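Data block below; observations after.
The values are calculated or read from the model by the stated rules, or taken from the named source; none is laboratory data. As the structure is a prediction and not an experimental result, all values here were calculated from the model. Neighbour counts run over all protein chains shown; Cβ positions are idealised from the backbone, glycine included. Ligands, DNA and RNA are excluded from the accessible area calculation, which covers all protein heavy atoms including side chains. Shrake-Rupley method; radii C 1.70, N 1.55, O 1.52, S 1.80 Å.
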Amino acid sequence: MTNYLPFAQREILELEPAEIKHVRLSSFGVEGSSRVILQDLAVRVFGFNEDYSPDRGGDIDPAPAQASTDEWGWAGGPERTVEYVLMRYGWDGKGYLLEECQPHGEFVNGGRTLSPTWRFIKPYRIDPGQRLRAHGVQGGRAEAQSLFPGGVLFFGKRVKDGRPYHLYATHKVGGRAEKVANNAVLDLNSDNLRCPVDSPLLIYGVSYHMLCDINNMVTTNSALIQVVDPNEREWFKLARVPAGNVVTQRQATEGWIDPPVSLINLGEERGWIQEKDETFIVELENPYTDQGETVDNTLTVSVTLRGSVEVEDA
Amino acid sequence: MGETKFVPRWLPQRVTIPAGATRPLPASGFANTELWPWRLHWMSVTGVPKLETDEDPRRAYMGGVASRLTWQLGISQKGDINLRTLTTDAMLGTAFRLPQKADSTDVPFRFRFPAEVVLPPDSGLVARVSNTYQVENGVIHSPGILVNGYHGSRGIDREPAQLAAYGPANLGPKSAIPLDAADLFNDGGDDMLLHEMMLTGGCRLLSTYEGQNGDPFGTAAWPFGTAHSWRINPTTGIEWMPDPTPIPAGNIAPWNRPQYDPWNAGPRAYVFPEDTVLDPTQRLSVKVGNVDDVAITLNVALFGLLEVQ
């Protein structure tokens, strides 16, 4: 019987001015998999201000001395004149769809998600007795300590009668007083993540809820939710991070269930199906030709690919 | 009867309606001058905000289309479509299509073709983008176009294909550039079926315009539906945009909402009832009433598919 295993894979890279790099995203090697359906792509260029402003909970350095705050509360100071990366994509060995890289914003044909939900392109089946596991890894600065996964929910239906059925787990907390250190691992395991014995379930999507302290920015201190399927396969995978430990917690952990940028829809209907030996490849190019006088024109870019691996059960 | 091919067709008009007046749009503007029926899909409108300072700051910021206009539509020889005069929000504020939010960082104006449009091999698109940003000295950066489509028929044989071009530089006020046609060419071995088209007026708009407190707005980005205008045509066959006037992106692709639109410049769009067809020689008549006490300038565009036999 055919099943579809959801996956999200992220690669984070640093691009020096005029540098071109390639990202290979190959989903997962799953024995017996026949095809991979690519669902969508999220490309995020991390903003200069986001990283350096203490107003936004930045976690690298304090803001430069000349920074100011404008009427919207955004930190000012030196800023890149444009913030984008050039890109194109295709399949390794089969070529890119375009001859030249284009600004990444041009590719965006999907809106931003309005709820923290990832709807799978194909339903994922879980069999009676099997269980999912989930946990969260707290991100953010060490002293932030206040945003942690509240719960995770998989919405689906029972195969035997078509009735809606949810699998879920909640992290029980003692209110605001309970702080969570960064890098702390929080279990989200529960018997409610187990498929009932009387029928397989078709899971159509996953959503989560974060408990948030008003004093801390959701975008900078979010926790990474991880889901592990009955075969110990992690749904979210951080493929590679640049050397030098320059990646912030946020860059690594921010939403793969609800990416904070608008999506580039791929999908079966548009022909984005690849055989198991094919690799999706993205080329990224820094449009700057040199470093600025006051601004670091090195770009940090994250690329997140989501989709479903088609597998045949034994 | 041969196979029907769909050719997108946009016709633009720019009109100024005096204060308190009702004016018909020029009769020739929305006429079907082709030999084939033109199936109408929507009529879009964008306003032209005046952003230079004025005595009354609220007046200076006028130019919206939301509430101070009334509309009447009818097809020649067939009578009215709408029986009542309606305001913009009542008739063109159709909420049943959720617009995509266009912003300067990562979301362009998206246009989805109502039917797949065929681009034969060895033909392409010619695109010309104009900076029609109303802000004084308003510059747009790296405007671009990207078209998604496929080679092959539906299903598993379908191969994704893209056409794209952008101008990798600032585009100054009131200037225009043709975009490099090499990457807008279908050099595949077979037809390319066009599915959607994305128009971006810049990755970030750079503006020297000063806010009311004298501070520069800096990189605050306002991708108005009217900041960048386009003329896009295939290199062979029937033109999509026969009028030489560039059409604002918001009028080409009205199902987008700029991230920041305090002037209600739109776009808004009226969706025609299904099977509204302009036969050859017929025209759409549009009357616009301005209930404000100042003149209002509008961009109005009519979009439909020519059904070419």
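Among strands (runs of 3 or more DSSP E) entirely within region B:148-202, having at least 2 residues that are within 8 Å of chain A (Cβ to nearest Cβ), crowded, with 22+ Cβ neighbours inside 10 Å and in contact with a helix residue (DSSP H, G or I) (Cβ under 7 Å, 6 or more places away or on another chain) singles out B:159-166, B:192-200. Taking region A:106-120 as the range and being out of contact with any Gly (no Cβ under 9 Å at 6 or more places or on another chain) and either open to solvent by 10 Å² or more (accessible area, probe 1.4 Å) or at the interface with another protein chain (Cβ under 7 Å from one of its Cβ atoms) (or both) as the test, the residues that pass are A:Phe107, A:Val108, A:Asn109, A:Gly111, A:Arg112, A:Leu114, A:Ser115. Among the conditions (1) out of contact with any helix residue (DSSP H, G or I) (no Cβ under 8 Å at 6 or more places or on another chain); (2) outside any strand (DSSP E or B), the only one that B:Glu307 does not satisfy is (2). Each residue in region A:274-299 was checked for being surrounded by fewer than 21 Cβ atoms within 10 Å (Cβ to Cβ) and outside any loop (DSSP other than H, G, I, E, B), and 5 of them qualify.
Filter region B:45-66 down to the residues that are at pLDDT 65 or above and either part of a loop (DSSP other than H, G, I, E, B) or out of contact with any Phe, Trp or Tyr (no Cβ under 7 Å at 6 or more places or on another chain) (or both) and list them by number. Within region B:45-66, B:Val45, B:Thr46, B:Val48, B:Pro49, B:Gly64, B:Val65 qualify. Scanning region A:258-277 for residues that are within 10 Å of chain B (Cβ to nearest Cβ) and either touching a Gly at 6+ places or on another chain (Cβ under 9 Å) or farther than 11 Å from A:Gly111 by Cα (or both) gives A:Ser262, A:Leu263, A:Ile264, A:Asn265, A:Leu266, A:Gly267, A:Glu268, A:Glu269, A:Arg270, A:Gly271, A:Trp272, A:Ile273.
A count restricted to region A:254-273 and to residues that are open to solvent by 10 Å² or more (accessible area, probe 1.4 Å) and among the β-branched types (Val, Ile, Thr) stands at 2. Would it be correct to say that B:Trp36 is of a type in the set (A, V, I, L, M, F, W, C) and within 29 Å of B:Ala227 (Cβ to Cβ)? In short, no. Being modelled with pLDDT of 75 or more, open to solvent by less than 20 Å² (accessible area, probe 1.4 Å) and under 24 Å from B:Glu159 (Cα atoms) is a condition met by no residue of region A:10-22.
Within region B:212-219, is there a residue that is facing chain A (nearest Cβ under 7 Å), closer than 28 Å to B:Gly266 by Cβ and either in a strand (DSSP E or B) or at pLDDT 85 or above (or both)? No.
Checked against the criteria, B:Trp222 does not count as within 14 Å of another protein chain (Cβ to nearest Cβ) and at pLDDT 90 or above.
Applying the set (1) modelled with pLDDT of 90 or more; (2) part of a loop (DSSP other than H, G, I, E, B); (3) more than 30 Å from B:Gly74 (Cα to Cα) to B:Trp240 leaves exactly one unmet item: (3). Residues that are closer than 30 Å to B:His195 by Cα and modelled with pLDDT of 85 or more were ranked within region A:218-257; the one that is nearest to the other protein chains (Cβ to nearest Cβ) is A:Trp256.
Take the conditions (1) under 23 Å from B:Gly172 (Cβ atoms); (2) surrounded by fewer than 24 Cβ atoms within 10 Å (Cβ to Cβ); (3) modelled with pLDDT of 75 or more; B:Asn251 misses just one of them, which is (2).
Tell me which residues, restricted to region B:1-27, are outside any strand (DSSP E or B), among the charged types (D, E, K, R) and open to solvent by less than 20 Å² (accessible area, probe 1.4 Å). Matches in region B:1-27: none.
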